[in-house]
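Here is the structure we will look at, set down as structure tokens.
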Amino acid sequence: MSQLTSEQINYQFLLLTHIMCADEQIHSEEAKALRKLAQKTNLGTYTIEEMEKILSQNENFVSVENVARKIQQGEQSEAMRQMIAIAYIDGYFSPLEREMVKHIAKIWN
């Protein structure tokens, strides 16, 4: 990936997309919230394309590990807060979602 495209991708947003897919079932409220957030944050085409790849589990989607490593240290606590909020949006924090949150926390130490 060129430097240009990596700057145009919102990795924090892609992390939210991954957490949404963690429990292997995308709740309609989760999808709605994600698309609303996508519009509100005025995401670029590359981020939207990557989001769609993650949602459809396309074989070329960016892994959760690669996404997590791209998030700057100063943005990690906000990203974690958003992930937990999204995970809970359907009223249930599934073991798979919890596992992913722990995994990301480990990547960030």
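Charged side chains reduced to their Cβ positions (Lys and Arg at +1, Asp and Glu at -1) give the chain a dipole of some 280 debye around its Cα centre. Per-residue Karplus couplings for segment 83-92, computed as 6.51 cos²θ - 1.76 cosθ + 1.60 with θ equal to phi - 60°, are listed in order as 4, 5, 4, 5, 4, 8, 4, 8, x, 8 Hz, Gly and Pro entered as x.
Rg over Rh for the chain works out to 0.93, using Cα positions for both radii and the Kirkwood form for Rh. Each residue of segment 75-82 was assigned a 3J(HN,Hα) from its phi angle through the Karplus expression (A = 6.51, B = -1.76, C = 1.60, θ = phi - 60°), giving 9, 5, 5, 5, 4, 5, 4, 5 Hz with x at Gly and Pro. With a simple spin-label model that places each label point 7 Å from the Cα along the Cα-to-Cβ direction, the separation between Phe93 and Glu65 comes to 2.5 nm. Rolling a 1.4 Å probe over the heavy atoms of the protein chains gives segment 5-109 an accessible area of 59 Å² per residue. Solvent-accessible area of the chain (1.4 angstrom probe, protein heavy atoms only): carbon and sulfur portion equals 49 percent. When only alpha carbons are used to place a centre, segment 13-35 and segment 49-109 end up 9 Å from one another. Ignoring the sites themselves, the chain has its longest run without GluC sites (Glu not before Pro) in a DSSP loop having at most 14 other Cβ atoms within 10 Å at 60-109.
The values are calculated or read from the model by the stated rules, or taken from the named source; none is laboratory data. All values derive from a computational prediction rather than experimental measurement. Note that we place each Cβ from the backbone using ideal geometry, even for glycine, and neighbour counts take in every protein chain shown. Heads up: the accessible areas ignore ligands, DNA and RNA and are worked out on the full protein's heavy atoms, side chains in. Shrake-Rupley method; radii C 1.70, N 1.55, O 1.52, S 1.80 Å.
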